[in-house]
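Heads up: the structure comes next, in structure tokens.
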Amino acid sequence: MNTSKMQNFTLRAGLFLFLLSIFSGLEAQYPGAPGGATGGGKAPNMNIGRFYGKVVDESGKGIAYANVQLLKSQTDPTTQKTTEKIISGQLTADNGDFSLENLPIMGDFTLRISYIGFAQTSQVVSFGMKQITGGTPGTPPAGGGFPGGGSFEKDLGNLTLKASDVTLDTVTVTAEIPVATLALDKKVYRVDKDASIAGGNAQDALKNVPSLSVDIDGNVALRNGSPQIFVDGRPTTLSLDQISADAIESVEVITNPSAKFDAGGGTAGIINIVLKKERKLGYNGNIRTGINTRGGYNAGGDLNARGEKTNIFISGNLNQNKGYSVGETYRQNLFGNPYTNLTQSVDGIMNGLFANGRAGIDWFIDNRNTITVSGSYTRGKFRPSDEITNTTEFLFKNDSTVTSEYVRSSLQDRNFRNIGGSVLFKHLFPKEGAEWTADVNYNRVRFMGGSEYSTVYDNGRTSQEEQNGTGNGQFVTIQSDFVNPLNSKMKLEGGVRAALRLNTNSIENTYYDPATDQWVRITSLADNFKFNDDVYAAYGQFSHQFKTWGYQAGLRAESSVYSGALVDTDSSFTIAYPLSFFPSLFATKKLNETDNIQFAYTRRINRPNFFQTMPFTDFSDSLNLRRGNPTLRPEFVNSMEVSYQKIFSKGHNLLASIYYKQASNLITTYLVNEFNADLNREVVVATFANSNSSQAYGGEITLKNNFFKKIDLTSNFNMYQSRVDASNVETDLVINQLSWFLKENLQISLPANFMIQFSGEYRSRAAFTPNSGGQMPWAMTTTNTAQGYTLANWFMDISLRKTFMDRKATLTLNVNDVFRTRRNGTYTVSDIFIQDSWRTRDAQIFRLNFSYRFGKMDASLFKRKNMKMNNQGMDMM
């Protein structure tokens, strides 16, 4: 069974079990069923018929696990209303075959076939026997015998499914890898068949997703902004490099989150990483392992077992990361006497090992109530080491130059543990589509780290320092949501949510005093703090669908309280943000059978975090000191987008968007110079300020092409103009920047079950430096800047995949950054200094990975009347 079949079987399994469970009840009620009513002039119908055939696509290839239903129109004798009843049904076999047996032979039936990504088809079928209301049971029609010489087996032939047209609610972009879906408020990209991510992490998975750009440090940009990172619909305390790519099923890109989602956390939208959770009958699983040319390795597996009352899932991953990075910074300082030029080169080595496990259970209490309990545990250890060479040139007024140099070596030892758990309750109401959910998610993370620094100066002097830190974080979300379809065209949704975050952090700096042979604590550089961040929210939204268009309108209200304290200095501050409202509006218009257009408007907020408001100078990087600004105000962003989608024939699809974003009180990094008493010299400090405003507008095109049914090409192009007005911070400080990026993904199917994939991206200089929002909550990350831009960069990855053992086994060889061109770089210009900086990491790594899928389906083991699965069983990592 190949991966595509397995995935689509997952989506259909719940419906199939539901159909199986009600067949007996339906046939007992049907007048022609054995044991049915024979009075009242109605004759019993003989269940001896059989329809069989094969479901194929437009190329004639059989479609596995398509849903085949046989329905019968029936009139209620009391109400005289005509309804359709299900007579039989099944999923097609691996080659597309189906066989519906023990069928009533009287009257006409409707055969309905559906499969995700294809248009549903229906046709009238019969055995040629008219429904008899009197006379001898089973009597053939006058003037003829039984069709087929008395054999009620009818071959329906090959039944062809065509690629689906655009629908109003959801538009399916027909492409095998990845499957892309455009809905009212999000786009979904399947990444589990991307060969280049095998053995990698979430950074590798996201970098090939259209609309996204990921730098070498894992910072994610979505249309020139910083999105919020979710895992299974909830914020995560894990960074992207701590999530295995093999555990990811799909990525949801929500450029304009509706009122249903958090209004804060990422002004560019939300990236939701959906982890694999099988829902197949019986048991199934996957085991995998791999190595790379840096000496790293990975191993993992998934197992799922589904029974009558329970669905159990468990997975585990082990990754050892070994990497190498180089970088250089050149700075011209425009302050001090004399002026100085500084050059810094860095060689770094990373050694890391982390493992995580996930497990959960869905308990089907009855037909309408389900409880999902899940948990996760992650543990990691990282030992990065760096050698930094600093050269300083002192430029005196008499044109003389004096040079000094030192080499600083560092060795760090970082450990972290993450425990997460969630409990979700789901209730289905008798009304179709009506449901209520309530869930609690808890995460606790603990990290410990130590760093050793040794510096050798060119005059022979040496120094030794140490930095040790510990921290704890707890994150709890409590929420409840309901969905109430008022009728087949209108739907009402709403909910409440509380997100409670508590973090503590303690960092201690010491130096070695050779005179006393003692380590001395530097109290002025201690960093001991704690903070609470609580957000309370409620929302409601209403959607209405018409024949060719529909809309969804929503309103979210949020209030938050932020409090922090510096323990050593006995200082604290509290910021209570007032109640704010965040509207959202979406509208979809179906122009014709192949054209669809959408409009979206949303309002979001970006509240300052602890590091941005902490009135304390961070000395962890002596070249880049940082300090927060407790007077920062939150920034508000208004976003508008118009999208157009065109479905062409033969697998060609186009999605084009134009968008506009306007931000007030944009939080930006701002550089100042000052004299620091602890260091006894003038220093540059990066702090934060609210700029007047900013705007960004642009367009994006995603084009998917299929050639000769062997070549899939996905092209993504995004161009935008940005403008930041920070003249309130510094006179005439206004930045205008035109930026663009191009992303290509080419997959070619070769003979003998080989497939080759080329992935590449070019990104021009950009005015903003993004902060992904998915890093550790205690990590100091980059943000928008009004004093520079990021440098252009490009890269290409190549992957080769071979499937064998009846498509159960896969061997993948991939190499990332083939030409060693992928690098991070920034250019900063101000009245204080001019700086160029660049860095590369893990260029040209080869990875070899093997995976094997197994499983067994046995539908006879599961006989519940309602096996509708809970799709929101989130396990919080």
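The values are calculated or read from the model by the stated rules, or taken from the named source; none is laboratory data. Here the structure is a predicted model, which is why all the values come from computation and not from measurement. No Cβ is skipped: glycine too gets one built from the backbone with ideal geometry, and neighbour counts run over all protein chains shown. To get the accessible areas, we keep the full protein, side chains included, count just its heavy atoms, and leave off ligands, DNA and RNA. Shrake-Rupley method; radii C 1.70, N 1.55, O 1.52, S 1.80 Å.
Provide the FRET efficiency to the nearest 0.05 for the Phe335-Asn680 pair, computing r from the beta carbons and using R0 = 22 Å.
E(calc), rounded to 0.05, equals 0.90.
Simple spin-label estimate for Arg461 and Tyr511 gives 0.9 nm between the two label positions (7 Å along the Cα-to-Cβ direction from each Cα).
Sorting check: for 47-57, 573-583, 378-388, which peptide has the highest mean count of neighbouring beta carbons within 10 Å, and how do the rest follow?
Final packing ranking: 47-57, 378-388, 573-583.
Trypsin sites (Lys or Arg not before Pro) within the stretch 447-553: which are DSSP loop residues with at most 12 other Cβ atoms inside 10 Å? Answer by residue number: Arg461, Lys489, Lys547.
Between Val125 and Asp97, residue separation times 0.36 nm minus the direct Cα-Cα distance comes to 8.4 nm. Considering the stretch 612-730 at the alpha-carbon level, its Rg and Dmax are found to be 22.5, 71 Å.
With a threshold of 22 Å on the Cα-Cα distance, the over-threshold entries among Lys187/Lys710; Lys186/Lys431; Lys85/Lys431; Lys187/Lys589; Lys207/Lys808 are Lys187/Lys710; Lys186/Lys431; Lys207/Lys808. Take the stretch 343-412 with all the other protein chains still there, run a 1.4 Å probe, and you get 51 Å² of accessible area per residue. With a Förster radius of 51 Å applied to the beta-carbon distance between Asp76 and Tyr762, the computed FRET efficiency rounds to 0.20. Protection proxy ranking of 426-435, 283-292, by the mean of other Cβ atoms within 10 Å over each peptide's residues and highest first, is 283-292, 426-435.
Given their separation in residues at 0.36 nm each and the Cα-Cα distance between them, Phe850 and Lys710 gain 48.1 nm when the chain is fully extended.
The modelled label-to-label distance for the pair Glu153/Glu452, using points 7 Å beyond Cα in the direction of Cβ, is 7.9 nm.
Averaging the Cα positions of each part gives two centres, and for the stretch 440-491 and the stretch 61-77 these lie 51 Å apart. Solvent-accessible area assigned to carbon and sulfur over the stretch 604-745 amounts to 57 percent, based on a 1.4 Å probe. Of interest is the spacing of the C-alpha centroids, which for the stretch 698-726 and the stretch 331-403 amounts to 30 Å. Placing dummy labels 7 Å off each Cα toward the beta-carbon, the span from Thr631 to Leu746 is 5.6 nm. FRET efficiency for Asn728 and Gln474, Cβ-Cβ distance as r, R0 = 35 Å, nearest 0.05? E between Asn728 and Gln474, to the nearest 0.05, is 0.40.
Cα convex hull of the stretch 212-251: how many Å³ per residue?
It comes to 86 Å³ per residue, whole-number rounded.
Enumerate the residues in the stretch 819-839 having an amide nitrogen under 17 Å from the point lying 7 Å beyond the Cα of Glu393 toward its Cβ. Answer for this model: 833-837.
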